1. Could you list the trypsin sites (Lys or Arg not before Pro) in segment B:543-651 that lie in coil according to DSSP, counting only those with at most 15 other Cβ atoms within 10 Å of their Cβ?
2. Run through the other copies and list how far each one's label point is from that of residue A:329, in nm with one decimal, shortest first; the point sits 7 Å from Cα along Cα-Cβ.
3. Chymotrypsin sites (Phe, Trp or Tyr not before Pro), restricted to segment B:578-683: which are DSSP loop and have at most 14 other Cβ atoms within 10 Å?
4. Say a label goes 7 Å from Cα toward Cβ at residue B:614 in every copy; what distances in nm does this one have to the rest, shortest first?
5. Just to be sure I follow: if Rg is taken over the C-alpha atoms of segment A:543-629 and Rh is the Kirkwood radius over the same atoms, what is Rg/Rh?
6. Just want the ordering: A:534, B:239, from fewest to most Cβ atoms lying within 10 Å of their own Cβ.
7. Write out the chymotrypsin sites (Phe, Trp or Tyr not before Pro) in segment A:364-473 meeting two conditions: DSSP loop, and at most 15 other Cβ atoms within 10 Å of their Cβ.
8. Could you list, in their original order, any pairs among A:252/A:573; B:381/B:573; B:485/B:559 whose Cα atoms are separated by more than 18 Å?
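Values quoted throughout were computed directly from the atomic coordinates according to the rules given, and no laboratory measurement underlies them. Please read these numbers as outputs of a predicted model, since none were measured by experiment. Virtual Cβ from ideal backbone geometry, glycine too; neighbours counted across all protein chains shown.
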Number of protein chains: 2
Amino acid sequence: KPMKVDYILCYNYKKRRISLHRLSLTSQPELEAGLPEGEESQLSEEEKAMMREEFESGLLEQGLQLERDKESRSQGIGFIRLHVPWATLSREAELQKIKVPVKKVCLLPQKHTCTPGSFLSNLLLYEEWANYGVMFKYQPLDLIRKYFGEAIGLYFAWMGVYTRMLVPPSLLGLIVFLYGVLTVNTNVPSQEMCDDNLNFTMCPLCDAVCDYWKLSSVCSLTRASYLFDNGATTLFAIFMSLWAAFFLEHWKRRQMCLKHAWDLTTVLTTVVAKRVCVCVFVCLFLFLWQREQESLTLEDRLPGYMINVSVVLMMMGVTFSAVFGVILYRITMLSIWSMNPDPEAKASVRMTVTTTAIIINLLVVLILDEIYGAIAVWLTKLEVPKTEAEFEERLILKSFLLKSMNTFAPVFYVAFFKGRFAGPPGDYVYLFGHFRMEECAPPGCLIELCIQLSMIMLGKQLIQNNVFEIVIPKLKKMYRTYKEKDKGGEEDEDEEETKRPKQQWDKDFSLDPYEGLSPEYMEMIIQYGFVTIFVASFPLAPLFALLNNVIEIRLDAAKFTTEIRRPDAVRCKDIGIWFNILIGISKFSVITNAFVISFTSDFIPRTVYQYMYSQTGSMHGFTEHSLSYFNVSNFEADSSPSSTLFTGVTICRYKDYRDPPWGAQPYSFSKQYWSVLAARLAFVIFFQNLAMFLSMLVAWLIPDVPRSLREQVRKENMLLMEFLVQDEQEA
Amino acid sequence: KPMKVDYILCYNYKKRRISLHRLSLTSQPELEAGLPEGEESQLSEEEKAMMREEFESGLLEQGLQLERDKESRSQGIGFIRLHVPWATLSREAELQKIKVPVKKVCLLPQKHTCTPGSFLSNLLLYEEWANYGVMFKYQPLDLIRKYFGEAIGLYFAWMGVYTRMLVPPSLLGLIVFLYGVLTVNTNVPSQEMCDDNLNFTMCPLCDAVCDYWKLSSVCSLTRASYLFDNGATTLFAIFMSLWAAFFLEHWKRRQMCLKHAWDLTTVLTTVVAKRVCVCVFVCLFLFLWQREQESLTLEDRLPGYMINVSVVLMMMGVTFSAVFGVILYRITMLSIWSMNPDPEAKASVRMTVTTTAIIINLLVVLILDEIYGAIAVWLTKLEVPKTEAEFEERLILKSFLLKSMNTFAPVFYVAFFKGRFAGPPGDYVYLFGHFRMEECAPPGCLIELCIQLSMIMLGKQLIQNNVFEIVIPKLKKMYRTYKEKDKGGEEDEDEEETKRPKQQWDKDFSLDPYEGLSPEYMEMIIQYGFVTIFVASFPLAPLFALLNNVIEIRLDAAKFTTEIRRPDAVRCKDIGIWFNILIGISKFSVITNAFVISFTSDFIPRTVYQYMYSQTGSMHGFTEHSLSYFNVSNFEADSSPSSTLFTGVTICRYKDYRDPPWGAQPYSFSKQYWSVLAARLAFVIFFQNLAMFLSMLVAWLIPDVPRSLREQVRKENMLLMEFLVQDEQEA
């Protein structure tokens, strides 16, 4: 009878190295493959063979059963199939404290170590999970955990919770957007902007080549801006802060339940568990290597740290210069294209340049993302962390830092810096002496922020999902198949006896190796950033995220079941550092939303006008009030339009709160400016503290452990007590 | 041989009721006394005797040994002395999972249940701990814990950590204060205020009876104000935010170590542990009662909750009206005393009224404190919480809410509201049509805040420590002794046979009952509030707290060892809800300090003047700039001084940023006002976010579990593993 296969080691013989992958205790037959990756070894072929033998004898000593193919003379890949008998497994489970066996009678056999058998096949998972047909069903989490282990189970559980939690904000975001659509016609400031009768002559937006323009010419953009910048957005932003707190609490509770159901409460630390596993099973090498690491002093590590800090700083510099480069592109393009004498081309210049700039931005973000990922791995290796858990954690922190900055830097620029340093007419700020600092589109920066956000978010999701997650693996697979065929032909000629029927492990070996959960988490966390950090300027973000995730879950499922080798099962208590990152993002989002509402949107100036300056208490006259006067005779030599379609312009208007030319201090900030600024800042304080207080209240009101779970644990404890008492009395 | 006494039950027979106090497992001989408090029972004397018998037979069944005095015919106090044999104790320890006994061989006897013996006598503790001679030594925490149990041990450990952590801020606060003392002579604004040559004629501070006054007449108060309001204070406030974060982290680590050393990690929940204890030992009544509680539906509880909410709201109303009453007292007193024609009396009116008002405030705070304590207990009983732990938690929350509000409401009034609604000259705000709203003393509200704070903090500490903690217990004891003598005489006549030599338990019974740790914690937490919440206005607060605590620890120690009955040992994992309250206070303090610095102190106006308005970049001219002009002809009929010593006053000055009478909009807020307001608000945002970020960084950088402890736990686990493996191989 053929032996059950629990785990497969594979190595390249007569060519490069043995590769010993860390072992895990899964008892699923026929579908395991060790990864041939690992550090290059400098050992000779004989030494390797010896080490292999020693290793294998160690395994046999531990009670494992081995089965191997005959080695062929020439080079190739050898497979060693392992089977772990039930007795060994039980002992191991006990050692790892999977359930503390108070008395052997009652608690063993464990529910943990999944019973051998074929009912849990890949096929079942594929049908129940990795299928678009079951898109709206809950995921079969217990199956996933049994087949892939706890770490991957927790990831998909988290994805499920996150996706489900996205439904309410998606709906509310849509309602906020629809509210904007429905009320845009009754909104006074938009109407005033579109009213030709008010006839505001605006100052030119660039030097010499730009003409004066009528405010009513940007009417449509103003109306579009209102869709995302109405009163409901503020409420929505507060709601989203609460939502974030609620989401985190909800996940905590869900995780508690899973921890209990999956029996993870007794995992002391992954370090201990893994150590024991490694110690009992194999890996003298790993141990020696680790001991060597532990003796590294601070002095040995210092250069690593220094390189780390300096490279991270350098990468930040790269990010900022990429953003700056795009700004330069925009400024120069604008000034060059504006010289085009064709008036129609001139009209569309702004939009064209903005759009191309965003696309460039997106491409830069995508490329740097890949580069930063590689750099983070390199840097973390330099640090030589002691354990694999520590390695993971540091890698995640670093790559999160780099990638999130890379993604959000251009958005931050548009939200908080663009157009703030342009200077008033007559006192423009120039970059390199030539290029005038860019200003936002006339109806405010919010609409630009909105476009930027939606483009980067959608672009990143679509391109990373489709190109990076589907197309590139396909290409890789094709390349590998092509290469193998090449080699296979060679081998065929070489030797006939290695020919054996293709086994499952041969097929699995041709699959992609599993690359960890970090990229998957990272993608979702960055998306979470889009959903929370700038939700005040783009209320549709949750909806887009929801649509993406519904597909993403099944895509990932398909990838895990069919595209990659079965990963080692890893036990872990929780989603670890990702939860802290989520908390950090949620806290940060409160601040950014407060600033977006008060500084990027026109919410505060409008409110201040209504309650402080308006004569009638309505918004009528807001547009007039928000524009300052400029005397065109104050233009510097080459700033005024060289040719103009407007005649007899003596005063033009610009959007700022400054004293008029006839005031005591012309063009200095007016009293309105300071009062609006005070109101903006007061709003930031109010919003931030309100949101923080409400989040704390939510976190406090929702207990971390659900009542039902608490009751259950209590009952289980009572049962245990009773059992102990009984046992005592019997003894 | 006399039996060892582990625990003593006592009851009043032939008179009122049995009182069964919850039991605890301590094995210290000779020094335990059950408390005779409990709910009144309506049972007849016979029923009680039956219940008592049933109860006692239950105890005997559980393996306890009983010893009792002969009951005398008439009424009196009966003592039942219990002894718990070692076997029973061990079983109990096992059931409570004090250490999970994997194999009986190795881990029992526990280090937990303290070995019987007399080396741990009260006397030793008294010598080593409750003694002013050992004031500067560490506390013997292990002894305390062994004698009093974990809950009290943790309290004293916390006190120790808190007191030690107070040393750096005390020193730094002193340095900040000394910096003020040393630089007061070089401080330009104070010099300007004292400069007679500048000759500012100020507007009168009250209607009709007050005269104009010279700014230089408040010179000394200004100088005093500078001592607490200099640049160093701001840095000190940021330091204190960091200190708070550091303190919390440090305590977490200390608690971890204690938890490990005292073997508290396996206390599942106090609920479970206590339940088991209760269940195994006694208390059929308690069980029935509890089951009855559990069946209470929301409807049954609703009236309780409603009363709760409404009473808490009402109490808040009472607090605010108390504060308001003191304000009214101040306003009326000021206006009445100001009519005194004697100019010397007039000069001292302000100070006298302020001081008496603060004393009244203090008395009100102290009295309400006691009342609120009683109300909180009453309210929590109405809620009928399920378990004692829940009862504690709710009681603490309620009394903390009421007491802290009571203590801090007057301080908040002075810090943020006093003088803000007085209105500019000519447009004063009147209360009830007669009384002008009070203004702060001329050099700003900060000095008043300072006086208020120091008086309430010192007064509360001194009076509560001395009167409430020392004098009142003494009086109570005297009263009890007097009463007992009275009764004793009666008994003497009644029966001669009850006469037996006075035992230790008779003596202990005459001591005060133990009233829980809540009052002790509450006192410290309120003090922590003084130390953090308003530290920006009173940098000496940590020093006063430190001085108080050094004495307080020994005072409490003496109280616990000599003044009260030995408390039941209570096992608990941590300091529970108090830690959350500490976190809450620390977060709140960041906000209040930000507001105190930017709105109560003159730090922001001075900085804005220096960098925006000053011609020379120095502070010269700040006083001039911060005073607005008022044309005395604009006074309303009865507002102008009826008789004045000043001649030819046409313009007087007042402290505010308003446009002068000759401006476009006389007496409206000037541009300076808005720019200073914006700066104040910006500072709040900056300070709050900086402090929060730094606190988070501190919390993140300091691991919760100290490295040494982690290593130790890992080693212990390794040993356990080895033991298990060995055991496995032997089997």
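1. none
2. 7.2
3. For chymotrypsin sites (Phe, Trp or Tyr not before Pro) across segment B:578-683 that sit outside H, G, I, E and B with at most 14 neighbouring Cβ atoms in 10 Å, the list reads B:646, B:662.
4. Taking the point 7 Å beyond Cα along Cα→Cβ, the inter-copy spacings are 4.2 nm.
5. Rg/Rh for segment A:543-629 comes to 1.33.
6. If I rank by nearby Cβ atoms, fewest first, I get B:239, A:534.
7. Taking segment A:364-473 and a limit of 15 other Cβ atoms within 10 Å, the loop chymotrypsin sites (Phe, Trp or Tyr not before Pro) found are A:421, A:432.
8. Those over the limit are B:381/B:573; B:485/B:559.
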